[in-house]
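*Asks:* Encoded as structure tokens, here's the structure I'll be asking about.
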Protein chains: 2
Amino acid sequence: MRIGELAEAAGTTTKTLRFYEDEGLLRPAHRTPAGYRDYRPEALARVDFIHRGQAAGLTLAQIRQILDIRDHGQAPCEHVRNLLDARLADLEQQITQLLELRDTITQLRDQATQVEPDTCSADQVCRYL
Amino acid sequence: MRIGELAEAAGTTTKTLRFYEDEGLLRPAHRTPAGYRDYRPEALARVDFIHRGQAAGLTLAQIRQILDIRDHGQAPCEHVRNLLDARLADLEQQITQLLELRDTITQLRDQATQVEPDTCSADQVCRYL
DNA sequence: CTGGACCTTCCAGTAAGGGGGAAGGTCAAC
DNA sequence: GTTGACCTTCCCCCTTACTGGAAGGTCCAG
């Protein structure tokens with residue numbers, strides 16, 4: 001299959017697939033005599049895997065690590081567990097921070113609703129922030 | 001005050017202050033005969049305001065909008081309320097997504113803990129993702 | 001008068017994940 | 001034989017908020 005077909009099947013663009021190849025996420029495809037990339041069906045599973053990894057919040061660099069381990073013939077299980085653990089710890093922290101930020105902004109916004117502009121002093125930028 | 005003093009007082013760097021000036025967040029300071037920036041004390045309040053805006057999750061572009069309104073002699077109250085409302089709506093969505101992602105990853109991780117590598121089939125990248 | 005700590009401008013680069021578009025080759029249909 | 005839809009490589013551009021470094025000017029102490 002050509003790159004356009006693979007892109008459509010995977011729900012992405014040819015640009016992105018070439019980018020993945022440059023970044024080492026997809027292995028270089030065979031070429032037709034004309035120089036066109038010629039993908040085997042397994043390539044679709046690989047692109048789908050990349051997308052699932054992204055949906056799990058992994059970076060392309062982390063996904064590449066997993067793929068590299070697999071490409072060397074090993075099962076990346078432990079590495080994946082570690083990545084997921086790390087991602088989970090990050091997530092907890094992000095969520096905590098966002099919840100705090102939400103509280104802060106809610107308070108600021110409530111204050112901003114109650115006061116009228118003409119009571120602002122001119123020497124400050126904004127009394128709500 | 002010179003840029004280094006302002007940077008220290010504001011808890012940032014001279015690089016960042018020049019960057020803020022380039023981005024239109026700080027107005028160009030007066031210059032000494034030698035060409036050094038010479039800030040008035042109000043500049044510190046402005047840098048602090050920028051930091052409070054960032055702490056509220058606003059982008060520099062949004063903070064610049066508020067400062068521009070203030071610089072034109074108007075009270076930016078309504079604009080600030082709108083920005084905070086928008087930020088709050090964004091936050092709700094971000095939090096929801098992160099909570100969903102946390103559930104997903106927790107499930108993936110639990111599965112990854114229970115299964116042993118040798119039961120993985122070789123034709124897939126990773127059974128957990 | 002020299003050394004070091006400042007300051008100036010400009011240029012380049014970072015992470016992440018691509019997008020835009022040029023200049024050119026290829027393939028199938030009409 | 002010529003469109004039009006593909007494909008190729010190449011290089012630059014975008015976002016956000018800075019950071020690093022080079023080359024050069026200034027200021028103050030010893």
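No lab work stands behind these numbers, since they all come straight from the coordinates. Quick caveat: nothing in here was measured; it's all calculated off a predicted structure. Cβ sites come from the backbone with ideal geometry, for glycine too, and all protein chains shown count toward neighbours.
*Asks:* Would you please give the FRET efficiency between B:GLU23 and A:LEU99, computed as 1/(1 + (r/R0)^6) with r the Cβ-Cβ distance and R0 = 35 Å, to the nearest 0.05?
*Replies:* 0.70
*Asks:* While we're looking at this one, here's another question. At a Förster distance of 35 Å, what's the computed FRET efficiency of A:GLU42 paired with B:THR113, Cβ-Cβ distance as r, to 0.05?
*Replies:* Computed FRET efficiency for A:GLU42 and B:THR113 comes out at 0.80.
*Asks:* Here is a follow-up. Report the Cα centroid-to-centroid distance between region B:1-80 and region A:38-96 in angstrom, as an integer.
*Replies:* Result: 41 Å between the Cα centres.
*Asks:* Using a label position 7 Å from Cα in the Cα→Cβ direction, what is the ascending list of nm distances from A:THR13 to the same site in the other copies?
*Replies:* 3.3
*Asks:* Further, regarding this structure: On alpha-carbon atoms, Rg over Rh for the protein assembly as shown using Kirkwood Rh?
*Replies:* 1.14
*Asks:* Treating only the Cβ atoms of Lys and Arg (+1) and Asp and Glu (-1) as charged, compute the dipole magnitude of chain B about its Cα centre; round to the nearest 20 debye.
*Replies:* On the way: 16 positive and 20 negative charges, 158 e Å.
Computed about the Cα centre, the dipole is about 760 debye.
*Asks:* Tell me the angle of helix A:42-55 to the major Cα principal axis of chain A, expressed in degrees between 0 and 90 and rounded to the nearest ten.
*Replies:* 10
*Asks:* How far apart, in nanometres, would the label points at A:HIS72 and B:THR13 be if each is projected 7 angstrom from Cα along the Cα-to-Cβ direction?
*Replies:* Placing both labels 7 Å along Cα→Cβ, they lie 3.5 nm apart.
*Asks:* Calculated from DSSP H runs of 4 or more alone, at -39500 (n - 2.57) each and per residue, what is the 222 nm mean residue ellipticity of chain A, nearest 500?
*Replies:* When only DSSP H runs of four or more count, the value is -21000 deg cm²/dmol.
*Asks:* Now, a different point. Using Cα pairs under 8 angstrom and six or more residues apart, how large is the relative contact order of chain A, in percent? Don't skip to the end; give the middle numbers.
*Replies:* Details: 68 pairs, mean separation 20.1, N = 129.
About 16 percent, as a whole number.
*Asks:* Shifting gears a bit: Could you give the dipole magnitude of the protein assembly as shown about its Cα centre, charging the beta-carbon of Lys and Arg +1 and that of Asp and Glu -1, in debye to the nearest 20?
*Replies:* 740
*Asks:* From the label point of A:ILE95, set 7 Å along Cα to the beta carbon, how far off in nm is each other copy's matching point, shortest first?
*Replies:* Between copies, matching label points for A:ILE95 lie 1.2 nm apart.
*Asks:* Take the alpha-carbon positions of chain B, form their convex hull, and give its projected area averaged over all directions (one quarter of the hull surface) in nm². Walk me through the numbers before you get to the answer.
*Replies:* Working: hull surface 52.9 nm².
Computing the convex hull of the Cα atoms and averaging its projections yields 13.2 nm².
*Asks:* May I pose another question? Relative to the Cα centre, what is the charge dipole magnitude of region A:75-114, using +1 at the beta carbon of each Lys and Arg, -1 at the beta carbon of each Asp and Glu, and rounding to the nearest 20 debye?
*Replies:* Numbers: 4 positive and 7 negative charges, 25 e Å.
Computed charge dipole of region A:75-114: roughly 120 debye.
*Asks:* Compute the label-point distances linking A:ARG81 to its equivalents in the other copies; points lie 7 Å from Cα along Cα→Cβ; give nm, one decimal, shortest first.
*Replies:* In ascending order, 5.5 nm.
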